[in-house]
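Peer 1: If you scroll down you'll find the structure; I have some questions about it.
The values are calculated or read from the model by the stated rules, or taken from the named source; none is laboratory data. Just so you know, these numbers come straight off a predicted model, no measurement behind them. Virtual Cβ from ideal backbone geometry, glycine too; neighbours counted across all protein chains shown.
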Amino acid sequence: MNPTQRIASITLFTLSLAWSSAGSAAVNLVVSDQQTSDHPVVRTLEFFGQRLTQATRGDLTVTVKANGSAGSERDAILALQNGTQALARLNLGALSEQSSAATLASLPYLFRSSDHMGKVLKGDFGQRLDQELEQKGLIRLAYFESAPRNFYCMKPIRSQADFAGRKIRVLPSPVFEDLIRNLGGTPVPMSFNKIPEALRAGELDCVDGGTVNFVAAEHHKITPWLMQDEHLLLPEVLLISKKIWSTLSTAQQDAIRQSAQDASGHMTKLWTDQESAALTTAKKAGVTVVTRSQISMTGIESLAIKTYNKYIKNSQDLETIIRIMSVK
């Protein structure tokens, strides 16, 4: 057992001891996700539930509703705000309508790497994001590892001109929709589980997403081209309803936060293993990968940056973006 695992086990044991005197009635918490049951993030949510059940000696349990069975991302946000659902895993980009900080974080080509993004989210910007989400009835429990978002398509994209007329599925986010319009395409907000049928029916030409999602949902069996332009890098977020959070005891809240942090570390390992495996699987299935160096990025980036003009609304926003870009 390495030091990190040892500390996590000690913390879990301590929470379990504290729970022996909590005397709370058993509560089941539902968490929703858009991905399929075998996706790393859904497996991480199951791990989160196991840790929480163990820490609370069965007084808190978790039911995972995967594959969009509980509704869309917007449905999940509304359910959390209304207190009719406890938890949801969402991409940070889906929260741009709830938080101006999430909007700024969703701007294309902003984060240079996962390390850069992590440092930003652990600083003042991350605190602002948490505060804005809480004001909207959402409590962030943890960030989960993610990877750059690319485009996978029925036909290749090698330059900005290739976006013309393309119908591209995006997360339900004004920033993402404006990005596609600026590039010359037509954004199509759509629930993740509806993508395969839409691709086969010609209702979509491309999808914005990560490589693991591309393969886990078997979209690589439909779309033969993967464009690694790395236009967005955003974390996954585990949220809990503020209304439900306020009904929980301090011991329950502590157990949930610790279990979420344990799950975050678990997700990092799963994601690292899955990312390379997914790319290998896609290639073996006949997908042609167009790397960033094979794409004429100059025209794409210059039009993508126009998205900044709409969402940087004042000098404070501009200063925020400059500070983010300056983080080493």
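Peer 1: Out of Ala94, Ala88, I need the residue that is under 20 Å from Ile244 (Cβ atoms), crowded, with 23+ Cβ neighbours inside 10 Å, at pLDDT 95 or above and in contact with a Leu (Cβ under 8 Å, 6 or more places away or on another chain). Which one?
Peer 2: None of the others qualify; the one that does is Ala88.
Peer 1: Given the criterion more than 26 Å from Gln85 (Cβ to Cβ), polar (S, T, N, Q) and buried (at least 21 other Cβ atoms within 10 Å of the Cβ), identify the matching residue among Thr186, Thr223.
Peer 2: Selected residue: Thr223, the only one of Thr186, Thr223 that is more than 26 Å from Gln85 (Cβ to Cβ), polar (S, T, N, Q) and buried (at least 21 other Cβ atoms within 10 Å of the Cβ).
Peer 1: Listed residues Asp262, Asp229, Asp317; which is of a type outside the set (Val, Ile, Thr) and more than 21 Å from the chain's Cα centre (by Cα)?
Peer 2: When all the criteria are applied, what remains is Asp317.
Peer 1: Out of everything in the stretch 212-263 that is assigned by TED's automatic domain parsing to the domain that holds Leu90 and among the small types (Gly, Ala, Ser), what residue ends up being nearest to Lys284 (Cα to Cα)?
Peer 2: Ala263
Peer 1: Evaluate the following for Arg128: is it farther than 22 Å from Val188 by Cβ and assigned to a loop (DSSP other than H, G, I, E, B)?
Peer 2: Against the criterion (farther than 22 Å from Val188 by Cβ and assigned to a loop (DSSP other than H, G, I, E, B)), Arg128 does not qualify.
Peer 1: Could I ask something else about it? Quickly run through the stretch 245-280 and pick out the residues that are surrounded by fewer than 18 Cβ atoms within 10 Å (Cβ to Cβ) and of a type in the set (Val, Ile, Thr).
Peer 2: The answer is Thr247, Thr250, Thr268, Thr272, Thr280.
Peer 1: Quick one: count up the residues across the stretch 97-108 that are over 14 Å from Arg140 (Cβ atoms) and surrounded by 20 or more Cβ atoms within 10 Å (Cβ to Cβ).
Peer 2: Total satisfying the criteria: 5.
Residues are listed down the side, and each one gets a yes or a no for (1) among the β-branched types (Val, Ile, Thr); (2) in a helix (DSSP H, G or I):
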position: Gln54; (1), (2): no, yes
position: Thr61; (1), (2): yes, no
position: Val64; (1), (2): yes, no
position: Ser69; (1), (2): no, no
position: Gln81; (1), (2): no, yes
position: Gln85; (1), (2): no, no
position: Ala101; (1), (2): no, yes
position: Arg112; (1), (2): no, no
position: His116; (1), (2): no, yes
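Peer 1: Residue by residue through the stretch 132-157, note down the ones that are farther than 28 Å from Ala201 by Cβ, modelled with pLDDT of 95 or more and assigned to a loop (DSSP other than H, G, I, E, B).
Peer 2: Passing the criteria: Lys136, Gly137.
Peer 1: Please indicate, with yes or no, whether at least one residue in the stretch 52-64 is at pLDDT 95 or above, surrounded by 16 or more Cβ atoms within 10 Å (Cβ to Cβ) and under 30 Å from Arg169 (Cα atoms).
Peer 2: Looking for residues that are at pLDDT 95 or above, surrounded by 16 or more Cβ atoms within 10 Å (Cβ to Cβ) and under 30 Å from Arg169 (Cα atoms), one finds at least one in the stretch 52-64, hence yes.
Peer 1: Report, by residue number, each residue of the stretch 200-210 that is at pLDDT 95 or above, buried (at least 21 other Cβ atoms within 10 Å of the Cβ) and either outside any strand (DSSP E or B) or of a type in the set (A, V, I, L, M) (or both).
Peer 2: Leu204, Asp205, Val207
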